[in-house]
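What follows is calculated from the coordinates using simple rules that are stated; it is not laboratory data. Note that the coordinates shown come from a computational prediction; the quantities given were computed from them, not determined experimentally. For neighbour counting, all protein chains shown are included, and Cβ atoms are generated from backbone atoms with ideal geometry for every residue, glycine included.
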Amino acid sequence: MLLYVKSALQPTEFVPHSNFPEQVWCRFLDSAGEYFRLGVCYRTPTDSIFGLGIHDALRDLVGTLGEKKKHFVLMGDFNYCFKNGHQIVLQIH
């Protein structure tokens, strides 16, 4: 994976406490002086690579960042399939 951030933002590596395997993060100070976290992840569509718990690990990652009220943007390839108009919802507990 690759995450490109303009050097003028003075990004530093950020490593969240997470079991999600395919992710890369950085953080930088926003205009309010708060750390803003920017991440990219890849969720494989093949359960045999990382096991059946990969969806739960992704949900936990988003939940952990959200519960601490940290500003973040997570981008990536989540490989969720939308068949017959049905959506898969990532519910945060």
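Candidates in the stretch 13-40 are the residues that are among the hydroxyl-bearing types (Ser, Thr, Tyr) and surrounded by 11 or more Cβ atoms within 10 Å (Cβ to Cβ); of these, the one that is nearest to the chain's Cα centre (by Cα) is 18. Is it true that residue 52 is surrounded by 11 or more Cβ atoms within 10 Å (Cβ to Cβ) and free of Cβ contacts under 8 Å to residues at least 40 places away in the same chain? The answer is no for residue 52. The C-beta contact set for the stretch 55-79 (first residue free of Cβ contacts under 8 Å to residues at least 60 places away in the same chain and under 14 Å from residue 25 (Cβ atoms), second residue hydrophobic (A, V, I, L, M, F, W, C) and in a helix (DSSP H, G or I), distance under 6 angstrom, 6+ apart or interchain) comprises 72/65. For the structure I just gave you, tell me whether residue 15 is outside any strand (DSSP E or B), aliphatic (A, V, I, L, M) and closer than 14 Å to residue 72 by Cα. Yes, satisfied.
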